[in-house]
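Since the structure comes first, as structure tokens, the remarks are kept for the end.
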Amino acid sequence: MAPNNPALISLAGASVHLGSTTLFEGIDVSVARGEKIALVGRNGSGKSTLLKCLAGEIDIDTGERFLQPGARVAYLAQEPDFSKFPTVADFVAGGQAEPMQYRVDAVLEALDLPGDRACATLSGGESRRAALARALVDEPDVLLLDEPTNHLDIPTILWLEKELQQFRGALLLISHDRAFLQNLSKRILWLDRGVLRTTERPFGDFETWRDEIFKEEEAAYHKLDRKIAAELKWMWEGGISARRTRNMGRVRRLQGMRQERADRIKSRQVNFTVSEGDNSGKLVVEAENISKSFQSDAGERVICQNFSTRILRGDKVGLIGPNGAGKSTILKMLIGELSPDSGSIRLGTNLQTIVFDQRRAQLNPNDTLKQVLLPEGGDSIWVGGKPRHISSYLKDFLFDPSMMEQPVRALSGGERNRLLLAKLFAQPSNLMVLDEPTNDLDMDTLDLLEEVLSDYDGTLLLVSHDRDFLDRLVTSTIAVEGDGDVSEYPGGYSDYLIQRKADEPAEAAKAAAKPVAAAPVAPKAKKKLSFKENRELEELPGKMAALEKKIAQLNTKMADPAFYSKDPKGFAKASEDLSAAQGELSAAEERWLELEALKEELEG
């Protein structure tokens, strides 16, 4: 918290216990006006509970909650309750002390939501947009957002980013979307095994900071291991029975140390494995000039026109686009579940396909976890050609064996995602189709999922709105823009943006080159870069080198652990300078690529 900037909301010495489990104990957290803070941690670590405590939704067991008098708090829950509101407009206005209709109308228009729509008919993405509208409409002083990007498409995420960047109140948010956190947060709160840590570093430095802490812990574990070894040596050499009464306390301490070590190791372990099938043929999917449209009350809805692609074994293809543009329809055509109106789809040989449906329809809410994984009964599941006991396999996906008889309906969204992944990954496959698998997963689980998918020898078709996840994983991107506009670009989401931007001048040139009735002679198409563009292209490498040098200097400066304690204002200024320099470098790189692509196109 910045000096002389009082907290709008805070917890002091806060503890929460769920039965015999302690989520956190004796923690302090405060959020001041103007702060934008990311709250990170594993699923189940207590992040949502901490946010609810700050929002006043649940009481803390011990400690104090403070809210500055007169301050308005808006809280976005992961699963908002629409039951008391017949329409979207009623729900959005229901969060205001004094509803102002013009604000309701404005935010509904910005989020493309019809106010007269019945809440009961909303999809997952529409429900999330309605909940965001309710949080934003009252112009709160404090915004507490729990996974705000879940089920949102990329255009809506970009709109929300811009709104939150301009927000002047206090912002604390939970999200698994790295790009979203990178673009918004200026401080990090990390809730890990009941301990709340904080750093003023930007989110881009989170993994470095986390690994530094893990390294310190490993050194502490090493000392603990040595102590355990010393205790064992005493037990074996000195004997327990001769001094049983006097030394039972020492034995109990040894058992306690062992349990501490086991608990800490367990808390860091997560282990996904995929059962890979036989190799498919080299060609997996070939689509030639496929088109698809649907008739509705509003008229014809065009999904794609004359789209072609060729997907080979080992390709990892991402599909992006606004909700409702037709990504799932195209996915179904590519795997042969739906026929195109025209054109052809050819599937390869020996395909073993698994499909992750974002609605998780494969999970019966009344089945237990054991029934989901073993529908025919028994205690072992075959994974990679080998039997695994069900309890051991569940542990790999962060489920306690005691949950085996728990029904699916009692699981959280993240737990349902992990359960469906566990079910699918046990099945041999060489074509994996994942429709929004990242919703509700924490970043540690996302990292592991990314690693597993990167190592997967089969072919991957992935629908996702997680820009960072796409950048790290896919080899090409199919962009479903709407109104039948579907194109494929090499690389991930960032590569798509650069190439899309580079295409715009060419498209404009084509449009300008078309003859019109009032012009007897078509204008000449541009054949080379202008003098100004050439000059800019020549100067950009030097500018990028200077920015890279500046970023390296700032990183070195901020890596000094004593910097913040000696000069908090200087650290904050360096952090702002670093963020600005990184933004300038990114813009310069995009412009350089844009000009190079344009030059190649014009001269080619």
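The values are calculated or read from the model by the stated rules, or taken from the named source; none is laboratory data. Values in this document were obtained by computation on a predicted structure and should not be read as measured data. Counting neighbours? That spans all protein chains shown, and the Cβs are built from the backbone with ideal geometry, glycine included.
Looking only at segment 408-426, how many residues end up being surrounded by 15 or more Cβ atoms within 10 Å (Cβ to Cβ) and either over 20 Å from Gln358 (Cα atoms) or not charged (D, E, K, R) (or both)?
12
For the structure I just gave you, tell me whether Thr198 is surrounded by fewer than 19 Cβ atoms within 10 Å (Cβ to Cβ), of a type in the set (Ser, Thr, Tyr) and in a helix (DSSP H, G or I).
For Thr198, the condition - surrounded by fewer than 19 Cβ atoms within 10 Å (Cβ to Cβ), of a type in the set (Ser, Thr, Tyr) and in a helix (DSSP H, G or I) - is not met.
Restricting attention to segment 298-305, does a residue exist that is among the β-branched types (Val, Ile, Thr) and at pLDDT 95 or above? Walk me through it before giving the result.
At the first step, the residues of segment 298-305 found to be among the β-branched types (Val, Ile, Thr) are 302-303.
Add one more test, that the residue is at pLDDT 95 or above, and what stays is none.
For segment 298-305, residues among the β-branched types (Val, Ile, Thr) and at pLDDT 95 or above: absent.
Please pick out the residue among Leu470, Leu462, Leu431, Leu448 that is more than 24 Å from Thr368 (Cβ to Cβ), touching a helix residue (DSSP H, G or I) at 6+ places or on another chain (Cβ under 6 Å) and not assigned by TED's automatic domain parsing to the domain that holds Gln182.
Leu470
Name the residue, out of Asp28, Asp105, that is outside any strand (DSSP E or B) and more than 26 Å from the chain's Cα centre (by Cα).
Criteria check complete, one pass: Asp105.
Can you tell me which condition Leu191 does not meet? The list is (1) crowded, with 17+ Cβ neighbours inside 10 Å; (2) of a type outside the set (Val, Ile, Thr); (3) in contact with a Ser or Thr (Cβ under 8 Å, 6 or more places away or on another chain); (4) more than 30 Å from Ile154 (Cβ to Cβ), and all the others hold.
The number of the failed condition is (4).
For Ala55, indicate whether it is farther than 23 Å from Ser575 by Cβ, touching a Gly at 6+ places or on another chain (Cβ under 8 Å) and in the same structural domain as Asp177 (by TED's automatic domain parsing).
no
Exactly one of (1) more than 23 Å from the chain's Cα centre (by Cα); (2) surrounded by 13 or more Cβ atoms within 10 Å (Cβ to Cβ); (3) touching a residue at least 60 places away in the same chain (Cβ under 8 Å) is unmet by Gly385. Its number?
(2)
Listed residues Arg472, Arg467; which is within 19 Å of the chain's Cα centre (by Cα) and within 30 Å of Lys282 (Cβ to Cβ)?
Residue meeting the stated conditions: Arg472.
Looking only at segment 437-467, count how many residues are part of a loop (DSSP other than H, G, I, E, B), surrounded by fewer than 22 Cβ atoms within 10 Å (Cβ to Cβ) and in contact with a strand residue (DSSP E or B) (Cβ under 7 Å, 6 or more places away or on another chain).
Total satisfying the criteria: 2.
Give the residues of segment 41-69 that are assigned to a loop (DSSP other than H, G, I, E, B), more than 30 Å from the chain's Cα centre (by Cα) and either buried (at least 18 other Cβ atoms within 10 Å of the Cβ) or in contact (Cβ under 8 Å) with a residue 40 or more places away in the chain (or both), sorted by residue number.
Asp61, Gln68
Given the structure, is Ile381 within 24 Å of Gly492 (Cα to Cα) and of a type in the set (Val, Ile, Thr)?
In short, no.
For segment 70-85, what are the residues that are within 17 Å of Arg117 (Cβ to Cβ) and either surrounded by 16 or more Cβ atoms within 10 Å (Cβ to Cβ) or modelled with pLDDT of 90 or more (or both)?
Pro80, Phe82, Phe85
Of Lys599, Lys543, Lys550, Lys566, which residue is surrounded by 15 or more Cβ atoms within 10 Å (Cβ to Cβ) and more than 23 Å from Gln182 (Cβ to Cβ)? Step through it out loud before you land on a result.
Details: Lys543 fails: more than 23 Å from Gln182 (Cβ to Cβ); Lys550 fails: more than 23 Å from Gln182 (Cβ to Cβ); Lys566 fails: surrounded by 15 or more Cβ atoms within 10 Å (Cβ to Cβ).
Exactly one of Lys599, Lys543, Lys550, Lys566 is surrounded by 15 or more Cβ atoms within 10 Å (Cβ to Cβ) and more than 23 Å from Gln182 (Cβ to Cβ), namely Lys599.
Quick check: anything in segment 5-21 in a loop (DSSP other than H, G, I, E, B), within 19 Å of Ile188 (Cα to Cα) and touching a Lys or Arg at 6+ places or on another chain (Cβ under 9 Å)?
Filtering segment 5-21 for residues in a loop (DSSP other than H, G, I, E, B) gives 5-6, 19-20.
Narrowing further to those that are within 19 Å of Ile188 (Cα to Cα): 5-6.
If we keep only those that are touching a Lys or Arg at 6+ places or on another chain (Cβ under 9 Å) as well, we get 5-6.
The answer is yes, given that some residue of segment 5-21 is in a loop (DSSP other than H, G, I, E, B), within 19 Å of Ile188 (Cα to Cα) and touching a Lys or Arg at 6+ places or on another chain (Cβ under 9 Å).
Would you check which residues across segment 26-36 are within 13 Å of Leu196 (Cβ to Cβ) and surrounded by fewer than 23 Cβ atoms within 10 Å (Cβ to Cβ) and list them?
Gly26, Asp28, Val29, Ser30
Asn150 is checked against (1) surrounded by fewer than 17 Cβ atoms within 10 Å (Cβ to Cβ); (2) closer than 20 Å to Lys52 by Cα and fails just one. What number does that condition carry?
All conditions pass for Asn150, except number (1).
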